[in-house]
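Student: One structure, pasted below without further comment.
The values are calculated or read from the model by the stated rules, or taken from the named source; none is laboratory data. Worth saying up front: this structure is predicted, and the values here are computed from it rather than measured. Here the Cβ positions follow ideal geometry from the backbone for every residue, glycine too, while neighbour counts run over all protein chains shown. Ligands, DNA and RNA are excluded from the accessible area calculation, which covers all protein heavy atoms including side chains. Shrake-Rupley method; radii C 1.70, N 1.55, O 1.52, S 1.80 Å.
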Amino acid sequence: MRRCLFPILAYSILFLGPQTARSSKTHATLDDLKKLEIICFVPSYLPKGFRLKSVTITYDEPGRDEGSVGRFPLYYLEYSNSHGASFTIDSAREGIGDRNIMGTDDSEEAEIKSPFGPMYLIYTPKGQGIGGRKVEIKSNWAEDANMKSEKAKDAQAHPNLGRYHGFSAAAITVAEFRKIINSLYPVRP
């Protein structure tokens with residue numbers, strides 16, 4: 001009987017936890033992003049050899065205090081090359097934490113201009129200026145126009161169409177990262 005209690009307890013905890021991203025479309029395409037009501041960004045510039053590796057669409061379920069308003073789409077894009085370099089875009093509706101905490105003595109901070117306003121970056125390894133290849137680069141979350149509009153109406157309300165967008169990269173320079181960020185545009189005008 002004791003052996004049965006632990007699995008039952010574990011499944012109960014999982015079942016009672018937050019119900020986010022319950023369904024997904026892991027083999028989505030850029031055309032699928034065009035069908036979403038939210039703003040989805042894609043780059044018009046990528047470093048040489050980069051190709052789209054994956055598009056994932058998931059759905060955030062309404063919170064307990066939202067009623068049954070519907071499902072809220074989120075997206076994730078990954079671009080990469082054959083040498084292990086990558087650039088990713090992640091979206092979130094709410095509940096975001098700080099993306100920039102790397103917790104290493106070898107990280108460095110920078111701020112770049114972007115279409116979203118000033119963008120705070122943290123990357124590792126430090127040094128080599130913006131021209132040296134970085135193991136990892138992460139930006140702070142950037143709000144899209146829908147998020148800014150919805151927060152202006154009610155800062156405490158749950159967003160419907162507004163999203164935060166997080167940008168990350170590996171094995172590219174900060175200069176390349178900045179060029180990709182400045183080339184971002186909505187996939188659906």
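Student: If you go through the stretch 145-181 one residue at a time, how many are touching a residue at least 60 places away in the same chain (Cβ under 8 Å) and within 13 Å of Phe87 (Cβ to Cβ)?
Tutor: Selection size over the stretch 145-181: 15.
Student: Hey, can you tell me all the residues within the stretch 36-62 that are of a type outside the set (Val, Ile, Thr) and either within 19 Å of Pro159 (Cα to Cα) or touching a His at 6+ places or on another chain (Cβ under 9 Å) (or both)?
Tutor: If the condition is that a residue be of a type outside the set (Val, Ile, Thr) and either within 19 Å of Pro159 (Cα to Cα) or touching a His at 6+ places or on another chain (Cβ under 9 Å) (or both), then Leu36, Glu37, Cys40, Phe41, Gly49, Ser54, Tyr59, Asp60, Glu61, Pro62 are the ones that fit.
Student: Shifting gears a bit: Return yes or no: is Arg93 of a type in the set (Lys, Arg), at pLDDT below 95, open to solvent by less than 30 Å² (accessible area, probe 1.4 Å) and touching a Phe, Trp or Tyr at 6+ places or on another chain (Cβ under 7 Å)?
Tutor: Yes: the conditions hold for Arg93.
Student: Let me ask something else. Residues of the stretch 107-124 being surrounded by 15 or more Cβ atoms within 10 Å (Cβ to Cβ) and either of a type in the set (Asp, Glu) or part of a loop (DSSP other than H, G, I, E, B) (or both), which ones?
Tutor: Listed by number, the residues that qualify are Ser107, Glu108, Ser114, Phe116.
Student: Say we look at the stretch 143-161 and pick out the residues that are out of contact with any Leu (no Cβ under 9 Å at 6 or more places or on another chain) and either under 15 Å from Ile89 (Cβ atoms) or assigned to a helix (DSSP H, G or I) (or both); which of these is most open to solvent (accessible area, probe 1.4 Å)?
Tutor: Lys153
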